[in-house]
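Participant: Submitted below is the structure of interest, expressed as structure tokens.
The values are calculated or read from the model by the stated rules, or taken from the named source; none is laboratory data. This structure is a prediction, so every number in the text was calculated from the model and none was measured. Cβ atoms come from the backbone with ideal geometry, glycine included; neighbour counts cover every protein chain shown. Keep in mind that these areas ignore ligands, DNA and RNA; they rest on the heavy atoms of the full protein, side chains included. Shrake-Rupley method; radii C 1.70, N 1.55, O 1.52, S 1.80 Å.
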Amino acid sequence: MSDGTDTPAGVMRAAAEEQLDVVALTDHDTVSGWSEAEAEASRVGLRFVPGIEISTRSRGLSVHLLAYWPRADDAELLAMMARTRDERVGRAREIVRRVSRDYPITWEAVTAHSESAETLGRPHIADALVAAGVMSNRDAAFTEVLHDGSPYYVPHYAPEALDAVRAVRAGGGVPAFAHPGADGRGRVVPTSEIDAMARAGLVGIEVEHRDHSDGQRERLARIADRLGLVPLGASDYHGAGKLNRLGENLTTPEAFAALEAARA
Ligand code: AMP
């Protein structure tokens with residue numbers, strides 16, 4: 001329901017085909033895919049974990065905060081995400097305005113690629129560039145036009161990471177830091193910020209992730225150990241929108257049990 005290319009039910013079917021046994025759906029800033037995914041997971045015999053990937057910020061840097069099992073009707077979290085989704089629209093318009101100076105792209109083309117999305121993001125702009133025939137795929141569009149350091153880049157409002165960690169906890173959910181060592185995407189937050197997030201109630205941290213080098217995996221495993229955070233593995237699957245294969249990085253049963261034990 002955000003920037004993946006499969007439907008929520010389609011993700012569950014793909015997970016069953018990969019013979020996974022537990023799978024979380026973590027759309028950006030929305031819970032609207034949960035019911036469809038949960039029904040399909042139950043039909044194909046998968047354990048479903050409802051989740052969200054909340055866009056947050058820390059010292060001006062983007063932090064993706066995963067929330068597992070938050071209450072679907074938690075007013076604070078819902079309001080936080082509604083504001084982010086709204087403000088993403090104006091931000092996407094501004095990116096499109098800038099990109100259209102140099103590439104054949106219109107706002108109408110972007111909205112045509114995001115009709116079923118609750119949360120609008122740069123991947124939808126990438127899709128419009130691919131459809132216009134000027135980029136071969138999303139990855140190329142990010143590398144050449146849409147990356148964080150590009151002159152076309154515009155940030156969007158997002159809550160502070162520490163506030164979001166506290167809100168997830170208050171809403172009964174289990175917060176985890178998504179791909180904290182993905183330094184190929186831009187600057188990552190310093191270790192001191194992970195310490196602060198842990199003090200605010202962070203429970204898990206992704207260690208095994210495609211965008212983490214071996215060095216980052218070692219660093220994050222050490223941080224997890226020192227702070228008592230649950231080390232997680234995640235495929236960050238986006239359907240055809242990214243190269244990531246479903247199940248390419250896994251969370252161990254022990255880590256999953258520790259994550260679940262932290263549920264309110
Ligand atoms: P936004 O939320 O609009 O800032 O865009 C971030 C989204 O773009 C995240 O879901 C990323 O997974 C996705 N993204 C970042 N880099 C790439 C890439 N190289 N190829 C495809 N998707 C990407």
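Participant: Could you list which residues have their amide H under 5 Å from that of GLU118, counting only those 5 or more apart in sequence or on another chain, with H placed in the peptide plane?
Facilitator: Residues meeting the criterion, in which the H sits 1.01 Å from N, are SER2.
Participant: Run the accessible area of the chain with a 1.4 Å probe and give the carbon-and-sulfur part as a rounded percent.
Facilitator: Using a 1.4 Å probe with all protein chains present, the chain comes out at 48 percent carbon and sulfur.
Participant: Suppose the chain between ASP73 and ALA132 were pulled fully straight at 0.36 nm per residue; how much longer would it get relative to their current alpha carbon spacing?
Facilitator: Net length gain for the segment: 17.3 nm.
Participant: Continuing with this model, one more query. Would you please give the FRET efficiency between GLU118 and ALA261, computed as 1/(1 + (r/R0)^6) with r the Cβ-Cβ distance and R0 = 41 Å, to the nearest 0.05?
Facilitator: 0.85
Participant: Ok, one more. Need one number: nm distance between label points at VAL22 and ARG226, each 7 Å from Cα along Cα→Cβ, rounded to one decimal.
Facilitator: The modelled label-to-label distance comes out at 2.7 nm.
Participant: Taking a quarter of the surface of the Cα convex hull of the chain, what do you get in nm²?
Facilitator: Answer in nm², one decimal: 12.9.
Participant: A follow-up question, please. State in Å² the accessible area per residue of the range 39-174; use a 1.4 Å probe, count heavy atoms of protein chains only, and round to the nearest integer.
Facilitator: With all protein chains present, the range 39-174 gives 45 Å² per residue.
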